[in-house]
Amino acid sequence: MEGMKRIGIFLAALVLGALAFAGEFSIIHFNDVYEIQPVKKGKYGGAARVATLIKELGGQENLILFSGDAFSPSIMSSVFKGKQMVDVFNRLGLDYATFGNHEFDFGPEVAAQRVKESKFTWISTNLVDKRTGEGYVGAVRWALVDWNGVKVGLLGLIDNWLELTSPGPNAQYLDFIETGRKYARMLKEKGAEVVIALTHMDMVNDEKLAASVPEIDLILGGHDHAPMWKVVNGTLIWKTGADWVWLGHLKVYTIPGLKPVVIPTEYVVDSKIPEDPEMAKVVAEYAAALDKAMNQVIGETKVPLDARRKVVRRQESNIGDLIADAMRDYAKADCAIQNGGGIRTDQIYGPGKLTKKDIFAILPFGNVVISVKIDGKTLKAALENGVSQWERTKGRFPQVSGIKYVFDPNRPAGKRILEVYVNGKPLDPNKTYVCAINDYMGRGGDGYTMFKNAPRVIDERSGTLLAQVVIDYIKAHSPVAPKVEGRIVIKK
């Protein structure tokens with residue numbers, strides 16, 4: 001099949017015919033799926049292509065597993081709050097899933113509703129309801145299933161990302177190693193021939209789990225968005241990658257008294273795979289409903305919001321202030337910086353009503369809000385970068401919140417910033433500040449390379465869509481009336 005990349009993990013795969021297997025079964029795995037439509041300009045992913053590929057791989061003959069993050073963030077989820085993902089997963093025949101941090105972006109009540117709508121089972125081993133000790137929002141703590149004659153135990157384990165989302169006051173986190181060990185041993189005692197941990201955590205913690213809990217035979221992870229694998233302590237750790245750009249297919253062979261042999265295959269989901277007609281219809285219906293919902297009024301502005309290119313890339317803009325304020329408020333940060341080039345449309349909005357469509361037009365790039373720890377010297381360097389190409393009206397120009405800066409565009413680039421204040425106090429070059437930015441800047445975009453390796457408070461995998469952050473802020477503060485207030489002073 002085209003688009004297939006075969007990866008052999010164990011040398012034992014070379015001598016499969018010589019081994020005496022007790023049983024075998026197949027798994028389809030995916031993680032971190034935010035879009036039901038194709039991504040990367042339509043070249044990859046898409047639920048309709050995945051539906052075709054799953055059918056070609058044997059459909060429900062496979063144990064279909066998901067390792068978290070689906071309900072957010074995406075433009076579609078800003079309207080349907082993840083309902084579209086559950087609908088699609090149900091139709092794909094998903095069997096078991098564990099929670100990712102984005103399952104709780106809309107709060108525990110929405111997460112619980114999505115669990116109720118799921119025809120598959122959510123497993124939450126170390127995220128529990130502190131009132132009952134049960135799996136959170138309707139999930140089970142573990143599962144034991146007979147699959148193709150093999151008894152398979154399943155766990156759902158996370159690391160402690162609760163502060164980066166909104167799980168509610170009843171969420172209780174338990175140590176993933178201690179809890180994983182306890183329940184893996186229990187499953188073995190109940191007769192599990194293979195124990196699989198569905199995880200949603202950093203690879204380094206997956207490695208710790210594999211090293212500490214040998215009773216776990218296979219770790220199928222999420223949270224990391226790139227496809228990756230490792231073998232630790234004889235246990236395969238496999239992550240398929242985000243947004244259905246890839247699909248994992250793993251064959252598991254059990255051997256009495258030994259670790260099972262796992263042979264994974266990674267499929268690239270590209271435009272060469274035809275769309276399943278029934279799933280394509282479902283996706284199209286959601287796309288049409290999204291288009292209609294985008295006209296929903298979210299609030300109003302009492303003043304014109306100036307998103308003109310010549311303003312947001314050259315001077316303080318009231319819409320730049322509004323966006324940066326929303327970022328700072330969301331991240332509970334000391335300050336915020338938004339590159340002017342991320343503010344689009346080159347139009348003035350209002351006074352009057354504002355719709356979701358307006359905000360997604362103004363902020364169209366699908367960026368998420370993150371926050372970083374930086375010292376004052378680095379913050380000044382970021383501002384220097386932002387004004388370094390002022391005369392060329394470049395997109396790196398910094399709109400800010402919690403910051404006042406004075407610059408002279410006639411001075412050489414890199415020496416233009418004259419004064420900086422953070423929350424009314426002069427910048428301390430040695431003090432650590434938490435600064436909200438977007439993930440494009442966090443990757444070093446628009447010359448903000450000083451942010452690339454800065455420690456994250458809210459990282460790229462945990463942040464909320466910038467447009468959604470602004471929408472929520474407008475809803476909470478409507479009617480809005482931001483005004484230019486001297487955050488940016490141009491000295492000539």
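The values are calculated or read from the model by the stated rules, or taken from the named source; none is laboratory data. Here the structure is a predicted model, which is why all the values come from computation and not from measurement. Every residue, glycine among them, receives a Cβ derived from its backbone with ideal geometry; neighbour counts consider all protein chains shown.
Side notes on the structure shown:
- The range 352-390, residues that are among the β-branched types (Val, Ile, Thr) and either closer than 27 Å to ILE474 by Cα or free of Cβ contacts under 8 Å to residues at least 40 places away in the same chain (or both): THR355, ILE359, ILE362, VAL368, VAL369, ILE370, VAL372, VAL387
- Test: ILE54 is in contact (Cβ under 8 Å) with a residue 40 or more places away in the chain, farther than 24 Å from GLU275 by Cα and assigned by TED's automatic domain parsing to the domain that holds GLY241: no
- Residue list for the range 221-241, restricted to those being touching a Lys or Arg at 6+ places or on another chain (Cβ under 9 Å), small (Gly, Ala, Ser) and outside any strand (DSSP E or B): ALA226, GLY234
- Evaluation of LYS281 against (1) within 26 Å of LEU92 (Cα to Cα); (2) under 23 Å from the mean Cα position of the chain (by Cα); (3) modelled with pLDDT of 95 or more (one fails), failing number: (2)
- Taking every residue in the range 300-327 that is within 15 Å of ASN339 (Cβ to Cβ) and pairing it with any residue that is small (Gly, Ala, Ser) and in a helix (DSSP H, G or I), at least 6 positions away or on another chain, the pairs with Cβ-Cβ distances below 6 Å are VAL312/GLY320; VAL312/GLY340; ARG313/GLY340.
- Of residues in the range 232-245 being crowded, with 18+ Cβ neighbours inside 10 Å and among the β-branched types (Val, Ile, Thr), the one farthest from SER26 (Cα to Cα): VAL245
- Subset tally (residues that are in a loop (DSSP other than H, G, I, E, B), under 18 Å from GLU460 (Cα atoms) and modelled with pLDDT of 95 or more) for the range 161-201: 1
- Note on the range 428-439: residues that are out of contact with any Asp or Glu (no Cβ under 7 Å at 6 or more places or on another chain) and crowded, with 21+ Cβ neighbours inside 10 Å amount to 3.
- Residue within the range 272-282 that is in contact with a Phe, Trp or Tyr (Cβ under 7 Å, 6 or more places away or on another chain) and touching a residue at least 40 places away in the same chain (Cβ under 8 Å) present: no
- For THR378: the one exception among (1) crowded, with 21+ Cβ neighbours inside 10 Å; (2) more than 23 Å from LYS492 (Cα to Cα); (3) among the β-branched types (Val, Ile, Thr): (1)
Yes/no matrix, rows are residues, columns are (1) part of a loop (DSSP other than H, G, I, E, B); (2) surrounded by fewer than 17 Cβ atoms within 10 Å (Cβ to Cβ); (3) not aromatic (Phe, Trp, Tyr):
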{"site": "LEU247", "(1), (2), (3)": "no, no, yes"}
{"site": "LEU250", "(1), (2), (3)": "no, no, yes"}
{"site": "TYR253", "(1), (2), (3)": "no, no, no"}
{"site": "GLY257", "(1), (2), (3)": "yes, yes, yes"}
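- Conditions (1) of a type outside the set (S, T, N, Q); (2) within 30 Å of TYR34 (Cα to Cα); (3) touching a Ser or Thr at 6+ places or on another chain (Cβ under 9 Å); number of the one not met by ALA413: (2)
- All conditions but one from (1) in contact (Cβ under 8 Å) with a residue 40 or more places away in the chain; (2) in contact with a helix residue (DSSP H, G or I) (Cβ under 7 Å, 6 or more places away or on another chain) apply to LYS230; the one that does not is (1).
- Within the range 123-157, if we keep just the residues that are surrounded by 24 or more Cβ atoms within 10 Å (Cβ to Cβ) and of a type outside the set (A, V, I, L, M), the residue that is farthest from the chain's Cα centre (by Cα) turns out to be GLY153.
- Residues that are surrounded by fewer than 15 Cβ atoms within 10 Å (Cβ to Cβ), out of contact with any strand residue (DSSP E or B) (no Cβ under 8 Å at 6 or more places or on another chain) and modelled with pLDDT of 95 or more, drawn from the range 285-302: GLU285, ALA287, ALA288, ALA289
- Filter result for SER78 (hydroxyl-bearing (Ser, Thr, Tyr) and modelled with pLDDT of 95 or more): no
- Residue list for the range 189-206, restricted to those being of a type in the set (D, E, K, R) and either surrounded by fewer than 17 Cβ atoms within 10 Å (Cβ to Cβ) or not assigned by TED's automatic domain parsing to the domain that holds THR240 (or both): GLU189, LYS190, ASP202
- One residue alone among LYS475, LYS492, LYS483 is among the basic types (Lys, Arg) and part of a helix (DSSP H, G or I), and that residue is LYS475.
- Flag for GLY107 being of a type outside the set (Val, Ile, Thr) and crowded, with 20+ Cβ neighbours inside 10 Å: no
- Filter pass, SER212 being hydroxyl-bearing (Ser, Thr, Tyr), assigned by TED's automatic domain parsing to the domain that holds ASN62, surrounded by fewer than 19 Cβ atoms within 10 Å (Cβ to Cβ) and farther than 23 Å from LYS239 by Cβ: no
- Residues being out of contact with any helix residue (DSSP H, G or I) (no Cβ under 9 Å at 6 or more places or on another chain) and either modelled with pLDDT under 95 or among the hydrophobic types (A, V, I, L, M, F, W, C) (or both) - total across the range 458-490: 1
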